[in-house]
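The values are calculated or read from the model by the stated rules, or taken from the named source; none is laboratory data. Keep in mind that what you see is a predicted model, and the values were worked out from it rather than measured. Glycine also receives a Cβ, built like all others from the backbone with ideal geometry; neighbour counts cover every protein chain displayed.
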Amino acid sequence: MRLALAAAAAACVLPVAFAPAAAAAPGIQPPPYVDHVQWATWGDLSSLRVYPTPAGRDTSGRPGTSAQADEAWAEVLKLSPDAATAGMKDQFDCHWKFAEIFEPGKASWNLEPWRPQVSQDEMLKTGCNPGGAEEPF
């Protein structure tokens, strides 16, 4: 009986173990990932709107794209060097990982220098907007 069960288990497992890999996911898009950025104000508070390219939207949210996220952040800094403030990169990384999953096609990913630096868990709990609600504009 044990031999019959082992043979049946092997018959089920071996074809799966040696089956060809599923077709690969479409390739990661090349840069640029950021079309443009624009500073805006909300009362006395400032916000940097980051407008991703179609390649940025397609690539963000995929596992294993941290190098592309770093490239996209470098593009943001090239377009707006004053974005290099505490917490802005963390907000960007959060948007890179989750914006196109939870709010696909959102016009811009908005980063605010006035938001506090928080843990990754807190960043996720606050929807990438720690320290207050997302600006209404």
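Considering the range 48-86, and only residues there that are of a type in the set (Ser, Thr, Tyr) and modelled with pLDDT of 95 or more, the residue that is nearest to Trp114 (Cα to Cα) turns out to be Ser80. If a residue has to be within 24 Å of Asp58 (Cβ to Cβ) and surrounded by 12 or more Cβ atoms within 10 Å (Cβ to Cβ) to count, how many in the range 120-137 make the cut? Residues in the range 120-137 being within 24 Å of Asp58 (Cβ to Cβ) and surrounded by 12 or more Cβ atoms within 10 Å (Cβ to Cβ): 6 in total.
Name the residue, out of Gln117, Gln68, that is assigned to a loop (DSSP other than H, G, I, E, B) and surrounded by 14 or more Cβ atoms within 10 Å (Cβ to Cβ).
Numbers: Gln68 fails: assigned to a loop (DSSP other than H, G, I, E, B).
That would be Gln117, the only listed residue that is assigned to a loop (DSSP other than H, G, I, E, B) and surrounded by 14 or more Cβ atoms within 10 Å (Cβ to Cβ).
For Trp42, the criteria (1) surrounded by 19 or more Cβ atoms within 10 Å (Cβ to Cβ); (2) under 16 Å from Glu134 (Cα atoms); (3) more than 16 Å from the chain's Cα centre (by Cα) hold in every case but one, which is (1).
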